Amino acid sequence: MKSIQITLAALLLLLVAACNATKLAQNENGGIGGTGISTGRISNFGSIFVNGVEYDVDSADFTRNDLLESNQQSYRIGEYVVVEGDVNPDGVTGKASKVNFSRSLQGNVTAVSGDGTTLAVMGQPVRSNVLTVFYGFNNIRDLTTTDKVEVSGVQNALGEWIATSIRKLTQSGEDWEVKGTIQHLDSSNQTFEVGGLTVAYGNAALHDLPNDIPEVGQFIRARSQQALAGMRMDASEVRLTSPTPTLSVGTKIRLEGVITRFTTSTNFAVNGLDAITTSGTRFEEGTANDLSLNALLEMEGTVAADGVIMANNVKVKESASISISLIQGAVSDIDSSTQQLTLGEGTTATIIVVDSATLWEDKTDIPASPMNFNALNNGNYLQAQVKRGNDGQWLALRVTRTNIGTPP
């Protein structure tokens, strides 16, 4: 009888362990498999690569700015998207059921700084970095206040939009759109402010606002089909929205973003979503000491009962203690078994490593599509944005193939 009880107890433990393994589906690299949500920039195509996962999109539904699209060709490298779907146990492949892109801003450039990194769009502060992908221009300094752009990205703790992509628009008929938090509400004149922009909502269709009344502190999206009158938008639509996806308890999430609240290395928020780390959290890139306000990172975890993300894996891309460097040169060696590239020769040679999260671009005269490791040849000229990995190697966050001499 005793042996039977032991056997039953052992079976029960095995069942519990199996259920937990199925629920978490944690792979050997510390990531989480299973159904969930991934938010981040598109780093490559072939399928769609987001946060280091290659998603099969053959059966996915595609949405771009509320409009249904037929395929992934509606998206661009660098655009910040939300992917719903399954991640396989290997942690680097999956199958998407939905892909959604919703721009952050679209409108007139109202200021351009001389530092080559910041600008204002309809009065909203926008900051680029070495990972921002530009379309239709090469540098922030190339833009003028006669230009109209579409911005994709996330907001930092200062309210700046950290752009993952900026596209210069060339076609007429594009709407103006702003997202942000309502400030300085004037109910009598039916206006409010978002950043430095005054939004008139008297003739706008109001969606999802309680009692159809805007309130200070609400995060909204305002659209207009009319050009701005100075720094005033006559909105045709105002919709209550959220800067983050809606997450239910138990949701598995992969999230790229910036730390918008920092209390300690175990208690902070990413893109406004509260998160905690524990002794079991794995720092695949960087350490807990590298976490700081406005740090750029990727995080994987599960939403707990209190709505907080329990982080099981963190990759710190850039912070006050981690910087991104530029390495460029001609390819002299390609090692497909280790995904390593050697740039330059002799004493100046540098080895860099790429992985499934590396963002790829091809700016040569005849660009490859998709551009990836397999498209490289010795002699190709590359510009690589890299950081030191925990193993001391140079890890490529972004690789661009260019014609020799093209400025970074």
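The values are calculated or read from the model by the stated rules, or taken from the named source; none is laboratory data. Quick caveat, the model's predicted, so the values are computed rather than measured. Quick reminder, even Gly has a Cβ in these numbers, built from the backbone with ideal geometry, and neighbours come from all protein chains shown.
Counting only residues that are in a strand (DSSP E or B) and of a type in the set (S, T, N, Q), how many does the stretch 112-155 have?
Of all residues in the stretch 112-155, those in a strand (DSSP E or B) come to 112, 118-121, 124-127, 133-135, 148-155.
Going one step further and asking which of them are of a type in the set (S, T, N, Q), we end up with 118, 124, 152, 155.
Residues that pass the stated criteria total 4.
Would you pick out the residues in the stretch 140-155 that are surrounded by 14 or more Cβ atoms within 10 Å (Cβ to Cβ) and either in contact with a Pro (Cβ under 7 Å, 6 or more places away or on another chain) or more than 20 Å from N100 (Cα to Cα) (or both)?
Here is the first cut: in the stretch 140-155, the ones surrounded by 14 or more Cβ atoms within 10 Å (Cβ to Cβ) are 140-141, 143, 147-155.
Residues satisfying the conditions are I140, R141, L143, D147, K148, Q155.
Report, by residue number, each residue of the stretch 49-72 that is at positive phi and touching a Lys or Arg at 6+ places or on another chain (Cβ under 7 Å). Don't jump to the end; show me each part of the working.
Step one: filter the stretch 49-72 for residues at positive phi, giving 51-52, 65-66.
Within the stretch 49-72, N51, N65 qualify.
Which number in (1) at pLDDT 95 or above; (2) not assigned by TED's automatic domain parsing to the domain that holds G230 marks the one condition that G180 misses?
Here G180 meets the rest and fails (2).
Looking only at residues that are without any contact (Cβ under 8 Å) to a residue 60 or more places away in the chain and part of a loop (DSSP other than H, G, I, E, B) in the stretch 186-196, which one is surrounded by the most Cβ atoms within 10 Å (Cβ to Cβ)? If you could, list the steps in order and put the result at the bottom.
Start the filter on the stretch 186-196 by keeping residues that are without any contact (Cβ under 8 Å) to a residue 60 or more places away in the chain, which leaves 186-193.
Checking the rest, the ones that are also part of a loop (DSSP other than H, G, I, E, B) come to 187-190.
Details: S187: 10, S188: 6, N189: 11, Q190: 15.
Once the filter is applied, the top-ranked residue is Q190.
Can you say whether T132 is of a type in the set (S, T, Y), surrounded by fewer than 22 Cβ atoms within 10 Å (Cβ to Cβ) and closer than 22 Å to E174 by Cα, as far as the supplied structure shows? It would help to see each step written out before you state the result.
Details: of a type in the set (S, T, Y): yes; surrounded by fewer than 22 Cβ atoms within 10 Å (Cβ to Cβ): yes; closer than 22 Å to E174 by Cα: no.
Against the criterion (of a type in the set (S, T, Y), surrounded by fewer than 22 Cβ atoms within 10 Å (Cβ to Cβ) and closer than 22 Å to E174 by Cα), T132 does not qualify.
Table: residues versus (1) at pLDDT below 95; (2) polar (S, T, N, Q); (3) over 15 Å from V316 (Cα atoms).
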site: E237; (1), (2), (3): no, no, yes
site: S242; (1), (2), (3): yes, yes, yes
site: P245; (1), (2), (3): yes, no, yes
site: I253; (1), (2), (3): no, no, yes
site: T266; (1), (2), (3): no, yes, no
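Could you list, in sequence order, the residues of the stretch 319-335 that are closer than 29 Å to F283 by Cβ and either surrounded by 16 or more Cβ atoms within 10 Å (Cβ to Cβ) or hydrophobic (A, V, I, L, M, F, W, C) (or both)? Working first, answer last.
Step one: of the stretch 319-335, the residues closer than 29 Å to F283 by Cβ are 319-328, 335.
Passing the criteria: S319, A320, I322, I324, L326, I327, Q328.
Going by the structure shown, is I351 crowded, with 18+ Cβ neighbours inside 10 Å and either farther than 22 Å from F45 by Cα or in contact with a Ser or Thr (Cβ under 7 Å, 6 or more places away or on another chain) (or both)?
Details: crowded, with 18+ Cβ neighbours inside 10 Å: no; either farther than 22 Å from F45 by Cα or in contact with a Ser or Thr (Cβ under 7 Å, 6 or more places away or on another chain) (or both): yes.
In short, no.
Kindly check whether there is at least one residue in the stretch 176-185 that is part of a strand (DSSP E or B), out of contact with any Phe, Trp or Tyr (no Cβ under 9 Å at 6 or more places or on another chain) and surrounded by fewer than 19 Cβ atoms within 10 Å (Cβ to Cβ).
No, the conditions are met nowhere in the stretch 176-185.
Out of the residues in the stretch 94-106 that are assigned to a strand (DSSP E or B) and of a type in the set (S, T, N, Q), which is farthest from D175 (Cα to Cα)?
Just the residues of the stretch 94-106 that are assigned to a strand (DSSP E or B), to begin with: 94-101, 105-106.
Among the residues that remain, those that are also of a type in the set (S, T, N, Q) are: 97, 100, 106.
Numbers: S97: 28, N100: 19, Q106: 7 Å.
Step by step, filter the stretch 94-106, then rank; the result is S97.
With the requirement that a residue be touching a Ser or Thr at 6+ places or on another chain (Cβ under 6 Å) and closer than 20 Å to L228 by Cβ, what does the stretch 123-143 give you?
G123
Can you pull out every residue in the stretch 197-220 that is assigned to a loop (DSSP other than H, G, I, E, B) and either under 20 Å from S242 (Cα atoms) or in the same structural domain as M122 (by TED's automatic domain parsing) (or both)?
From the stretch 197-220, those assigned to a loop (DSSP other than H, G, I, E, B) are 201-204, 208-209, 213-218; that's our starting set.
Across the stretch 197-220, the qualifying residues are Y201, A204, D208, L209, I213, P214, E215, V216, G217, Q218.
Among T358, T281, T338, which is surrounded by fewer than 17 Cβ atoms within 10 Å (Cβ to Cβ) and either of a type outside the set (A, V, I, L, M, F, W, C) or free of Cβ contacts under 8 Å to residues at least 24 places away in the same chain (or both)? Steps first, please.
Values: T358 fails: surrounded by fewer than 17 Cβ atoms within 10 Å (Cβ to Cβ); T281 fails: surrounded by fewer than 17 Cβ atoms within 10 Å (Cβ to Cβ).
Just a single option satisfies the conditions, and that option is T338.
Looking at V109, V81 in this structure, which one is part of a strand (DSSP E or B), buried (at least 22 other Cβ atoms within 10 Å of the Cβ) and either touching a Leu at 6+ places or on another chain (Cβ under 8 Å) or of a type in the set (V, I, T) (or both)? Don't jump to the end; show me each part of the working.
On the way: V109 fails: buried (at least 22 other Cβ atoms within 10 Å of the Cβ).
From the options V109, V81, the qualifying one is V81.
Looking at the stretch 361-396 only, could you name the residues that are exposed (fewer than 15 other Cβ atoms within 10 Å of the Cβ) and of a type in the set (G, A, S)?
A368, S369, A375, G379, G392
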